[in-house]
1. So which strands (runs of 3 or more DSSP E) stay within region 123-233 end to end and still have 3 or more residues that are of a type outside the set (Gly, Ala, Ser)?
2. Is it true that Val203 is open to solvent by less than 40 Å² (accessible area, probe 1.4 Å), in contact with a His (Cβ under 7 Å, 6 or more places away or on another chain) and not acidic (Asp, Glu)?
3. Could you list, in sequence order, the residues of region 178-200 that are under 17 Å from the mean Cα position of the chain (by Cα), modelled with pLDDT of 90 or more and open to solvent by 40 Å² or more (accessible area, probe 1.4 Å)?
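The values are calculated or read from the model by the stated rules, or taken from the named source; none is laboratory data. Remember, it's a predicted structure, so these values are computed and weren't measured experimentally. When we count neighbours, we look across all protein chains shown, and the Cβ atoms used for this are built from the backbone with ideal geometry, even at glycine. Surface areas here come from the heavy atoms of the whole protein model, side chains and all, with no ligands, DNA or RNA. Shrake-Rupley method; radii C 1.70, N 1.55, O 1.52, S 1.80 Å.
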Amino acid sequence: MRKRRLRERPMETAERLLNSTLFRGFPADLNQENVGGFSSRYSWKCHLRYGKPVLLLGQGTKHVFFFNGELHTWTRDQHIQIELPRDTIVEAQVAEVFGGENSGMRTYNVVITDGIVIGGQEIYQKPYSERIALVDKLCKTTRKESAAKCQEAISVKSLLYRLEHFHQLTSSLRVEYFKGHSTPRLAHIVKDQKMLVQGIIFVRHIKEPWNMELSTKLKKFYFFNCKTRSSQYEWPLKLHLTSGTRGSRPYTGHGIPEYGTKSYRRLQSLTNCSPHSSLESTPTNSKTREHRVF
C-alpha cells in the first residue's frame, strides 16, 4: 500500500529554499531624498502597484501561502486562490478588481511581479528580464482553460514599462468612484476590468555603478560606469541585478512627490512626460493624495 506523502510545513519549505541573507526587503517609499537616484531613465523600469507586495509560497496545486511579516509565519489568504507548483516562491500583489459581467462586482487578481524560486529551481541570480520571462511562463502554464471562473495569476510582463515610456503607462489610468469606496480611486483599465491602483513601483534593472545611456549622435545605447567614468557599448559582465540582493531595492510611488515640486520636476524630466489630463482632477485630501500619479 502506498503511503501518503507527508507535506512539509510552510516554514520548513521556505527555510529549505531560501537564504534569509539574500533579501533586501520590499520597495522603499520614493521621497525628496532618494528621487535623485534616478540618474538615468534607461536604467529603470516601472509598473503599477495594485496592493502591498507579498511573498507567496507554493507547495503544489492550491496549497499557496503568503508570508505574514507581523506574525513571522506563512498563512493562507481568502483572496489568494491561485495554483503554484511545488517548491515555488514568488513576489506578488493582490489587486482589487471591478468589472467583467457585472461592473459592480468586486474580485481579486494576483499579479506576480518577480520570481525567486520556481519548481525548486533558483532563479533569483538570473537577469531581471529572464526572471520576468520565467514568471510569465509560470502564469501561462498554471492557467486552466476549463476553469474560466477560477482566479488566475497575472504576470507583470505585460504591465511593465521602460521609464522613458512612462506616458504609455499613464494613458490607461482613470479616476472613478467604486462600490465600497467613499472617495474616487485611481484605476488601471485592462480590457473590461478596472484594477485599483495604489502607486507606482520603479525597478532598477542595471547594477550600480553602471548606467545605461543613449548616444545622441549614434542613436545607440551604451553603458557608463559612474565610478571609473568609463563607457562601453558591450554589455559588461555581472551587470544585471539579481532578485533579493542588497542594493537592488526598488522604489514605490506610494508617497510620490507632489505636482510642481522640485522633486516632481526632476522625475518628470527623466521620463520626458507631462501630467495626464485625466489624472489632474484627483482629489488632494489626505486619504487620496497618496494615489496621485503624474
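1. 173-176, 185-190, 193-196, 199-204, 210-214, 221-225
2. Working: open to solvent by less than 40 Å² (accessible area, probe 1.4 Å): yes; in contact with a His (Cβ under 7 Å, 6 or more places away or on another chain): no; not acidic (Asp, Glu): yes.
The answer is no for Val203.
3. If the condition is that a residue be under 17 Å from the mean Cα position of the chain (by Cα), modelled with pLDDT of 90 or more and open to solvent by 40 Å² or more (accessible area, probe 1.4 Å), then Gln198 is the only one that fits.
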